[in-house]
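Notes for the one structure printed next.
The values are calculated or read from the model by the stated rules, or taken from the named source; none is laboratory data. Quick caveat, the model's predicted, so the values are computed rather than measured. Cβ placement follows ideal geometry from the backbone for every residue including glycine, while neighbour counts extend to all protein chains displayed. We work out accessible area using only protein heavy atoms, side chains counted, and drop any ligands, DNA or RNA first. Shrake-Rupley method; radii C 1.70, N 1.55, O 1.52, S 1.80 Å.
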There are 2 protein chains.
Amino acid sequence: MAYRETPRMRERKAATRQRILAVTHERVATGGFRNASVAGIAGDAGVAIGSVYRHFDGKSELFAELFRNATQREVQRVAEALEQPGSRQQALQEALRVFAQRALRAPNLAWALIAEPVDPLVDEERLRYREAYARHFQSALEQGIANGEFAPQNPRLASAALVGAIAESLVGPLSPAAADLSQDAASQLIEDIVQFCLHAVQPLGG
Amino acid sequence: MAYRETPRMRERKAATRQRILAVTHERVATGGFRNASVAGIAGDAGVAIGSVYRHFDGKSELFAELFRNATQREVQRVAEALEQPGSRQQALQEALRVFAQRALRAPNLAWALIAEPVDPLVDEERLRYREAYARHFQSALEQGIANGEFAPQNPRLASAALVGAIAESLVGPLSPAAADLSQDAASQLIEDIVQFCLHAVQPLGG
DNA sequence: GAATAAATTGAATCATTATTCACTCTTTAG
DNA sequence: CTAAAGAGTGAATAATGATTCAATTTATTC
């Protein structure tokens with residue numbers, strides 16, 4: 001026998017794998033999954049096309065893993081905001097702000113994660129992603145409804161509607177490109193959105 | 001000279017053109033623009049592939065025209081509801097209901113019109129479509145804000161958020177497939193959505 | 001019926017991308 | 001240094017789907 005995988009090689013391979021994921025992220029964040037061809041990714045990562053297939057079983061698997069990584073981070077941030085003890089209104093407000101801020105900072109990425117059609121493997125991940133959001137928002141809404149901080153309503157639907165309202169406001173073609181917004185205008189937009197969403201779930205009494 | 005276009009032929013051509021548009025609509029309503037290949041369209045319409053190109057300059061133009069037709073109808077319905085005189089709340093409620101009902105009845109079409117990425121020509125039309133919606137919703141909101149029926153808010157943003165909330169609630173993967181809903185469940189879903197949206201724009205006092 | 005012009009056809013072509021695989025290059029162990 | 005085994009390569013292949021166009025058919029006029 002002669003060749004055996006060493007820690008050195010294992011690390012190097014892991015680094016390449018990471019690099020491929022990183023440049024894919026870059027491409028998706030710039031122009032969506034459509035913009036992420038295998039040839040382009042390989043080029044950006046400085047490896048041959050075939051090498052991408054050495055690290056991933058195929059484009060779908062690469063995309064699915066990327067999606068999982070990216071969304072995990074997003075959901076994590078929102079979940080943290082919602083897990084703050086105390087007023088459900090304040091927790092929801094903060095979570096919405098986090099969601100909106102992150103989406104506004106990377107609108108193409110947000111769109112790719114929320115809505116862009118890609119392929120069945122990614123769709124599966126997306127389902128999990130949405131369910132994760134729904135779980136968090138929904139439970140905060142349920143708690144708030146129970147303690148009177150929010151109006152009685154269908155929490156599952158409201159959670160979807162909140163996500164939709166934010167997504168459309170931020171990434172829909174109606175909104176000016178995020179890049180063109182001044183810092184102030186961006187903050188104002190986020191505050192408007194958060195206000196709209198909070199208002200939507202609050203009891204009519206205030 | 002010998003051949004000259006006669007009314008008979010003109011009609012026949014127009015009929016074929018219409019048939020192509022109709023089967024394209026059918027396909028888009030079933031599985032989105034992705035499902036509408038030129039070969040499939042030609043087959044459905046009972047003409048050769050090449051004939052599609054006799055009636056349309058290309059797939060993009062065919063799609064753009066189809067999109068224009070389909071959205072015109074949608075916007076028209078919503079606009080009619082909003083143009084009812086009297087309470088802005090009631091008008092908005094009715095318009096939201098119409099929007100939601102139509103989207104729920106043809107969720108794939110709704111998704112194709114609202115969000116599916118297709119090509120730049122369609123994107124242009126989509127921009128107009130959204131602007132048309134925005135104009136109508138926005139002006140109703142502005143009137144309602146002015147007369148105190150709605151809470152003071154950014155009407156442009158609220159209009160986008162309303163569209164997003166409905167779209168996500170209805171066509172997002174969280175919602176069960178529309179086909180599986182009983183008549184009652186569908187009505188309930190629509191009422192919940194309308195309630196959410198109305199609540200979002202109402203003054204806190206009620 | 002013959003001549004003409006337009007309409008129709010669909011196989012061939014072009015374009016785009018994912019995927020493969022025979023080959024070369026590197027790394028490792030002895 | 002050499003042999004073995006894995007890693008890396010990228011031209012070739014495969015799959016999909018839009019578009020073209022030479023040949024054919026059909027409609028019209030005289």
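Determine which single condition residue A:119 fails, assuming it passes every other condition in (1) at pLDDT below 95; (2) outside the structural domain of residue A:152 (by TED's automatic domain parsing); (3) of a type outside the set (A, V, I, L, M, F, W, C).
Status for residue A:119: all satisfied but (2).
Could you tell me how many of the residues in segment B:140-153 are open to solvent by less than 40 Å² (accessible area, probe 1.4 Å) and outside any loop (DSSP other than H, G, I, E, B)?
3
Going through segment B:109-127 one residue at a time, which ones are of a type in the set (D, E, K, R), surrounded by 15 or more Cβ atoms within 10 Å (Cβ to Cβ) and part of a helix (DSSP H, G or I)?
B:125, B:126
When segment B:26-66 is examined, which residues are found to be touching a residue at least 24 places away in the same chain (Cβ under 8 Å), away from DNA strand C (no atom under 16 Å from the Cβ) and surrounded by 16 or more Cβ atoms within 10 Å (Cβ to Cβ)?
Passing the criteria: B:28, B:29, B:32, B:33, B:36, B:63, B:64, B:65, B:66.
Could you list, in sequence order, all residues of segment A:99-108 that are in a helix (DSSP H, G or I) and surrounded by fewer than 22 Cβ atoms within 10 Å (Cβ to Cβ)?
Within segment A:99-108, A:101, A:102, A:104, A:105, A:107, A:108 qualify.
Please count how many residues of segment B:154-185 are buried (at least 19 other Cβ atoms within 10 Å of the Cβ) and modelled with pLDDT of 90 or more.
So the count comes out to 12.
Report every pair of residues separated by at least 6 positions or lying on different chains whose Cβ atoms are under 9 Å apart, first residue within segment B:1-13 and modelled with pLDDT of 95 or more, second in a helix (DSSP H, G or I) and more than 6 Å from DNA strand C (Cβ to nearest atom).
From segment B:1-13, the pairs are B:13/B:55.
I'm trying to understand the selection: among the residues of segment A:1-17, which are closer than 17 Å to residue A:50 by Cα and more than 8 Å from DNA strand D (Cβ to nearest atom)?
A:14, A:15, A:17
Here's a check for you: in segment A:96-127, which residue that is without any contact (Cβ under 8 Å) to a residue 24 or more places away in the chain and within 10 Å of chain B (Cβ to nearest Cβ) is farthest from residue A:26 (Cα to Cα)?
So, considering only residues that are without any contact (Cβ under 8 Å) to a residue 24 or more places away in the chain and within 10 Å of chain B (Cβ to nearest Cβ), the one farthest from residue A:26 (Cα to Cα) is A:127.
Got a number for residues in segment B:67-86 being farther than 21 Å from residue B:162 by Cβ and open to solvent by less than 10 Å² (accessible area, probe 1.4 Å)?
1
Within segment A:87-96, is even one residue at pLDDT 95 or above, touching a helix residue (DSSP H, G or I) at 6+ places or on another chain (Cβ under 8 Å) and either of a type in the set (Asp, Glu) or open to solvent by 60 Å² or more (accessible area, probe 1.4 Å) (or both)?
Checking segment A:87-96: at least one residue is at pLDDT 95 or above, touching a helix residue (DSSP H, G or I) at 6+ places or on another chain (Cβ under 8 Å) and either of a type in the set (Asp, Glu) or open to solvent by 60 Å² or more (accessible area, probe 1.4 Å) (or both).
May I ask you to list pairs of residues, at least six apart or on different chains, whose Cβ atoms are under 6 Å apart, with the first in segment A:147-166 being without any contact (Cβ under 8 Å) to a residue 40 or more places away in the chain and the second being among the acidic types (Asp, Glu) and buried (at least 19 other Cβ atoms within 10 Å of the Cβ)?
So the pair list comes out as A:160/B:168; A:164/B:168.
Considering (1) assigned to a helix (DSSP H, G or I); (2) touching a residue at least 60 places away in the same chain (Cβ under 8 Å); (3) crowded, with 18+ Cβ neighbours inside 10 Å; (4) not acidic (Asp, Glu), say which one residue A:137 fails and leave the rest.
Among (1) assigned to a helix (DSSP H, G or I); (2) touching a residue at least 60 places away in the same chain (Cβ under 8 Å); (3) crowded, with 18+ Cβ neighbours inside 10 Å; (4) not acidic (Asp, Glu), the lone unmet condition for residue A:137 is (2).
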